[in-house]
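The values are calculated or read from the model by the stated rules, or taken from the named source; none is laboratory data. Source: prediction; values computed, not measured. All Cβ positions, even for glycine, are placed from backbone atoms using ideal geometry, and neighbour counts span all protein chains on display. For accessibility, only protein heavy atoms count, side chains too; no ligands or nucleic acids. Shrake-Rupley method; radii C 1.70, N 1.55, O 1.52, S 1.80 Å.
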Amino acid sequence: MMFALYRIRCGLPVVAFGEAGVGKSALFRFLIETLLGHTFEVCNVNSGTTIQDVTEIIESAMRINAMKPGAQIFLFFDEMNTADPPVIAFFKELMLDRHYHGTILPENVHLMGAANPYRHLHEVDKEAAVGLAFRFAQPTQNDDRSHARTDLRSLVYRVELPLAFYDHIYDFGHLCDEAEDTYIDEICQHGLPRSNFSADCVKWFVKIIQTSHRVARALSVDPDSAVSLRDAALAVQLFRWFYKAPAGQKMSKNDAKKAVDLTIYLVYTFRFRKRKIFLENVFGKNQSASKNMTEVSRIIAHMLYEQAHGASIGSGAIALNDALCENLFAMYVCVLNGIFLIIVGRPGSSKSFSVEILKLVLSPANHTLRHSLGDLPAITELYFQCSPMSTSSGFKALFESAQRLSVDPKTMLAMVVLDELGLADMSPEKPIKVLHAELERQSVLTSGEKQQSPFSVVALSNWVVDAAQVNRGILILRTPANKKDLLESAKQLADSLIAKYAKDSDRLRIRRTLIESLESVVSTYQELDRREDIGGGHFFSMRDFFFCVKNFVCSVFETVSRLGDVGDVRISRHLLIQSAIRNFGGHEKARKLVRKTMAANLDMNVNCLPATSPLGLIVSNIQDSSKPLSIHIARHLMILNRSLIGLQLLNRHVKSKLDEGTNWNVLFGSCFPGDLQVTAVTRKLRQVERAGGVLILCHADQLFESLYMVLNQQYWAQGEVTMTQIALGPSIRAIALSSGPFRIIAL
């Protein structure tokens with residue numbers, strides 16, 4: 001504060017470097033508005049901020065100066081280093097040169113700024129096990145600047161600031177434990193009024209939050225950005241909701257201890273991989289938070305899924321595992337409270353499916369259910385498919401639409417879903433910074449007051465994200481499932497398929513035959529996940545595991561219907577091995593490992609296992625697309641190949657083995673800049689809509705994000721027509737798939 005005052009009196013710019021959420025904006029607001037009583041205007045800078053936007057703010061200050069000559073006016077540019085280079089150059093002219101379009105700024109107009117630091121993670125690779133990892137700006141041999149390029153994944157905040165500002169930067173630093181404790185106490189006292197909470201209850205809650213902050217820093221890979229005061233504010237909001245709101249009381253049973261357990265688990269514990277260690281350090285060895293979270297999340301998940309079970313969601317085979325239950329619980333709570341939620345995990349961790357269930361259950365049509373849950377508002381979804389082509393203007397238009405839809409948050413709440421948020425970080429425009437600015441407007445730490453958010457934001461990502469996203473909401477890290485959860489998920493999948501397709505007289509025998517073999521699938525998947533030489537968790541995912549289980553179960557159904565007997569163990573073993581190789585055999589080393597692991601688990605000689613070839617697996621997958629249970633067996637394919645040799649092999653060895661009436665279409669993509677524009681991508685997507693049979697996509701990487709729902713086989717029935725969706729940014733379009741088998745092969 002003294003640093004800012006001295007520089008202001010000397011007519012020098014004030015630029016504070018500091019971690020997200022340490023109180024930079026709040027401190028300057030308190031200093032200027034409360035202590036000095038001057039005009040204080042905040043501009044939340046992001047990648048969508050233009051020179052015209054900054055000009056309008058300066059013009060506004062000029063008008064105030066004209067009406068009140070001599071009045072001290074302070075303009076604060078928050079996150080100024082997230083802007084595009086031309087805007088940062090304009091900031092340099094304004095703040096360092098004090099020139100505004102050729103004129104000198106008045107002395108009573110003071111410019112201040114805040115920026116997140118350019119800082120490397122201490123151990124960048126440790127978090128890679130949570131989500132997929134990618135590298136930005138890969139240097140090339142011919143790039144003269146290759147020595148200056150940086151792996152931005154190793155940065156805590158993926159932003160930079162020109163060297164010209166470095167002489168004027170002040171390191172805001174970190175709050176010491178005593179100062180942070182004081183801030184937390186003030187936040188809790190303000191958010192938990194004595195009229196509703198006793199003094200002892202508030203004091204007890206403050207102590208728990210303070211302990212949680214210290215433990216989180218001690219266990220985090222990067223202690224500096226592990227937690228912030230925003231987390232304390234979120235914890236207060238959620239504790240008040242769990243303890244006093246009708247919908248929250250249905251979970252906490254009006255028990256303060258249970259409300260605290262759920263709050264701490266949701267705000268702090270979900271971001272750690274070793275959650276039990278964190279909880280024991282906060283609550284002690286006899287902590288009840290894990291038990292309460294498991295109990296409540298399963299109750300919520302069962303309740304929501306039972307209501308949505310009749311709708312055409314997914315493919316009818318669902319495993320209410322820990323990932324799905326926790327995702328549903330967190331999404332349910334955060335959406336109702338207008339809290340930003342980001343779920344990071346590998347493909348197949350039930351992220352998108354959780355959104356589908358919540359959207360169906362809390363739709364405007366389910367008034368009776370919403371009333372029984374505590375007069376909840378109806379939810380309308382605004383879906384946005386992020387990609388490397390995402391733009392700041394697209395994000396702005398999305399949030400403006402959400403604002404218009406949420407006229408009254410108590411009756412109708414817009415839910416903005418940002419799918420594949422990590423891909424937007426690859427866009428040169430950095431559109432995610434627009435999201436930061438939108439969330440800042442709703443923050444008690446920066447805006448001075450907290451109002452009910454007019455809409456909620458849920459972000460899903462397969463990719464790791466930087467601390468600036470995590471700091472503004474609640475993060476759920478979907479860690480790899482353990483053996484117990486995998487086995488339980490496999491059993492639930494098998495049970496749901498048996499209940500749907502098997503005859504009553506055969507269900508018990510079929511289940512006994514299947515359950516005995518599922519542990520082999522679990523062991524094989526875990527072994528593949530551990531092997532880094534074949535990609536590990538970056539090559540295989542839970543989606544492969546689920547399809548392997550469903551493929552095996554449905555194959556047994558077909559055998560039973562054909563032979564009328566489920567007692568032949570050799571048949572079930574053969575089907576199990578075929579299912580495993582088909583879903584886990586995408587890599588030559590993986591096929592060998594699958595055969596070896598399966599033989600060991602089933603006490604068989606590996607040489608006795610049937611031989612398989614990649615082309616044979618491709619043919620069988622396409623042929624199975626015409627079977628009644630194809631939704632559980634057949635998958636869209638990706639073939640890794642050099643040049644177009646894969647297309648030649650498909651034409652020569654696969655096409656000839658298919659039925660004569662099967663359509664065979666080839667669609668070529670392009671990496672030319674003009675072909676990456678939205679209009680060019682849209683033309684390609686229309687060709688996909690008209691395709692049927694087998695569609696081969698050659699080097700069409702720009703289409704994959706838009707075909708996310710198609711490739712994941714998220715279908716539903718509308719009469720006798722199979723429907724799905726394609727998305728491009730904020731535009732989402734329902735399409736009808738052509739009759740007959742339909743399979744996409746990406747080269």
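Below are the figures for this structure:
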{"quantity": "Residue satisfying all of: in region 326-359; assigned to a helix (DSSP H, G or I) and among the small types (Gly, Ala, Ser); modelled with the highest pLDDT among these", "calculated": "Ala330"}
{"quantity": "Pairs with Cβ under 9 Å, 6+ apart, first in region 666-685 and open to solvent by less than 50 Å² (accessible area, probe 1.4 Å), second at pLDDT below 75 and charged (D, E, K, R)", "calculated": "Gly669/Asp675; Val681/Asp675"}
{"quantity": "Selection within region 240-297 - in contact with a Cys (Cβ under 9 Å, 6 or more places away or on another chain) and closer than 18 Å to Arg214 by Cα", "calculated": "Leu266"}
{"quantity": "Single residue of Val521, Val553, Val560 found to be at pLDDT below 80 and either in a helix (DSSP H, G or I) or open to solvent by less than 20 Å² (accessible area, probe 1.4 Å) (or both)", "calculated": "Val560"}
{"quantity": "Residue match in region 68-86 (condition: in contact with a Cys (Cβ under 6 Å, 6 or more places away or on another chain) and either surrounded by 16 or more Cβ atoms within 10 Å (Cβ to Cβ) or under 15 Å from Ile169 (Cα atoms) (or both))", "calculated": "yes"}
{"quantity": "Pairs with Cβ under 7 Å, 6+ apart, first in region 690-710 and more than 20 Å from Asn621 (Cα to Cα) and polar (S, T, N, Q), second open to solvent by 40 Å² or more (accessible area, probe 1.4 Å) and outside any loop (DSSP other than H, G, I, E, B)", "calculated": "Gln702/Leu676"}
{"quantity": "Only listed residue being hydroxyl-bearing (Ser, Thr, Tyr), at pLDDT below 75, under 28 Å from Gln648 (Cβ atoms) and in the same structural domain as Asn641 (by the TED database), chosen from Ser670, Ser706, Ser738", "calculated": "Ser738"}
{"quantity": "Leading residue by the ranking (nearest to Arg194 (Cα to Cα)) among those in region 204-221 that are open to solvent by 10 Å² or more (accessible area, probe 1.4 Å) and in contact (Cβ under 8 Å) with a residue 60 or more places away in the chain", "calculated": "Ile208"}
{"quantity": "Residues (out of contact with any Asp or Glu (no Cβ under 8 Å at 6 or more places or on another chain) and open to solvent by 20 Å² or more (accessible area, probe 1.4 Å)) located in region 246-255", "calculated": "Gln249, Lys250, Lys253, Asn254, Asp255"}
{"quantity": "Close pairs (6 angstrom Cβ cut-off, 6 or more residues apart or separate chains): among the charged types (D, E, K, R) in region 522-545, at pLDDT below 85 anywhere", "calculated": "Asp529/Gly536; Asp529/Gly537; Arg543/Pro347; Arg543/Gly348"}
{"quantity": "Residues being over 26 Å from Phe270 (Cβ atoms) and assigned to a loop (DSSP other than H, G, I, E, B) - total across region 188-214", "calculated": "5"}
{"quantity": "Filter pass, Lys274 being more than 30 Å from Tyr715 (Cα to Cα), modelled with pLDDT under 90 and among the basic types (Lys, Arg)", "calculated": "yes"}
{"quantity": "Positions within region 266-291 being open to solvent by less than 20 Å² (accessible area, probe 1.4 Å) and in a helix (DSSP H, G or I), in sequence order", "calculated": "Leu266, Val267, Thr269, Phe270, Phe278, Leu279, Ala289"}
{"quantity": "Residue match in region 643-652 (condition: part of a loop (DSSP other than H, G, I, E, B), open to solvent by less than 50 Å² (accessible area, probe 1.4 Å) and closer than 16 Å to Ile745 by Cα)", "calculated": "no"}
{"quantity": "Scope region 160-197; condition more than 14 Å from Val22 (Cα to Cα), among the acidic types (Asp, Glu) and open to solvent by 100 Å² or more (accessible area, probe 1.4 Å); matching residues", "calculated": "Glu160, Asp167, Glu186"}
{"quantity": "Residue in region 600-611 that is touching a residue at least 40 places away in the same chain (Cβ under 8 Å), assigned to a loop (DSSP other than H, G, I, E, B), open to solvent by less than 20 Å² (accessible area, probe 1.4 Å) and not hydroxyl-bearing (Ser, Thr, Tyr) present", "calculated": "yes"}
{"quantity": "Candidates Val694, Val688 - the one that is surrounded by 13 or more Cβ atoms within 10 Å (Cβ to Cβ), within 26 Å of Asp544 (Cβ to Cβ) and at pLDDT 80 or above", "calculated": "Val694"}
{"quantity": "Matching residues, region 410-433, being closer than 30 Å to Ala245 by Cβ and open to solvent by 10 Å² or more (accessible area, probe 1.4 Å)", "calculated": "Lys410, Thr411, Met412"}
{"quantity": "Hits in region 460-510 - residues which are buried (at least 18 other Cβ atoms within 10 Å of the Cβ), modelled with pLDDT under 80 and in a helix (DSSP H, G or I)", "calculated": "Ala467, Ala468, Gln469, Val470, Tyr501, Ile510"}
{"quantity": "Close pairs (7 angstrom Cβ cut-off, 6 or more residues apart or separate chains): within 23 Å of Ala114 (Cβ to Cβ) in region 164-192, loosely packed, with under 14 Cβ neighbours inside 10 Å anywhere", "calculated": "Tyr170/Phe3"}
{"quantity": "Number of the condition not met by His38 [criteria: (1) buried (at least 19 other Cβ atoms within 10 Å of the Cβ); (2) touching a helix residue (DSSP H, G or I) at 6+ places or on another chain (Cβ under 6 Å)]", "calculated": "(1)"}
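Quick grid of which residues meet (1) in contact with a strand residue (DSSP E or B) (Cβ under 6 Å, 6 or more places away or on another chain); (2) more than 25 Å from Pro428 (Cβ to Cβ); (3) in contact (Cβ under 8 Å) with a residue 24 or more places away in the chain:
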| site | (1), (2), (3) |
| --- | --- |
| Thr34 | no, yes, no |
| Cys43 | yes, no, yes |
| Asp53 | no, no, no |
| Glu56 | no, no, no |
| Thr82 | no, no, yes |
